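No value in this document is a laboratory result; all are computed from the given coordinates. Since we're looking at a predicted model, the values are computed, not measured. Here the Cβ positions follow ideal geometry from the backbone for every residue, glycine too, while neighbour counts run over all protein chains shown.
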Amino acid sequence: QPVKSWSKEKWTELVDRLYRQGVAHVVVACGTSKGAFRVERAASVIDASVHDLTSQLRVARLMIGPSSGPLALASHCGVPCVWWANDDQPAAQLYAQDGPVGANWNPHHLKHHRAAVSWDPSVDEVWTAVQAALH
């Protein structure tokens, strides 16, 4: 979904900030297999099988990105998420710690962090949510 695409420059800046903070291993999947790009210093899961993706999620501390299927999978695997979305869909319900939708989409009752009410947040907005999630 092109509306959910975040620019390569923003992903690169976020990865740089994570490395400067001492996060040693960053995995990034940006875009779809037809319009994906790789981010320097980050491993890629573009076109990864579900098995490979869930293997990465088993050791993940955090999943970051626009509200999407991969973030829902992360939540189901017990990985906290930093997410963003417009209010044109009920995404907030998916990441709720309770409620009828949250009970199914967030079965581990994780605290997820919303970075912005936008499909195109600033790096600073995402970074603030990442800091809250990691501490």
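Near the amide H of residue 115, within less than 5 Å, lie the amide hydrogens of 83, 84, all on another chain or at least 5 residues away, with H placed in the peptide plane. Using the Cβ of residue 12 as centre and a radius below 11 Å, the other residues enclosed give a net charge of +1, where K and R count +1 and D and E count -1. Contact order for the chain, expressed relative to its length and based on alpha carbon pairs under 8 Å spaced 6+ residues apart, stands at 20 percent. Charge tally for residue 97 (other residues, Cβ to Cβ under 14 Å; Lys, Arg +1; Asp, Glu -1): +1. The C-alpha atoms of the chain occupy a region whose extents along the principal axes are 40, 33, 31 Å, arranged from largest to smallest. Taking the DSSP bridge list for the chain and keeping only pairs wholly inside it, about 10 percent are antiparallel. Can you give the net charge of the other residues whose Cβ lies under 12 Å from the Cβ of residue 23, counting K and R as +1 and D and E as -1? Computed value for this residue: +3.
Estimated from helical segments only, the mean residue ellipticity of the chain at 222 nm is -11000 deg cm²/dmol, where each DSSP H run of four or more residues counts as -39500 (n - 2.57).
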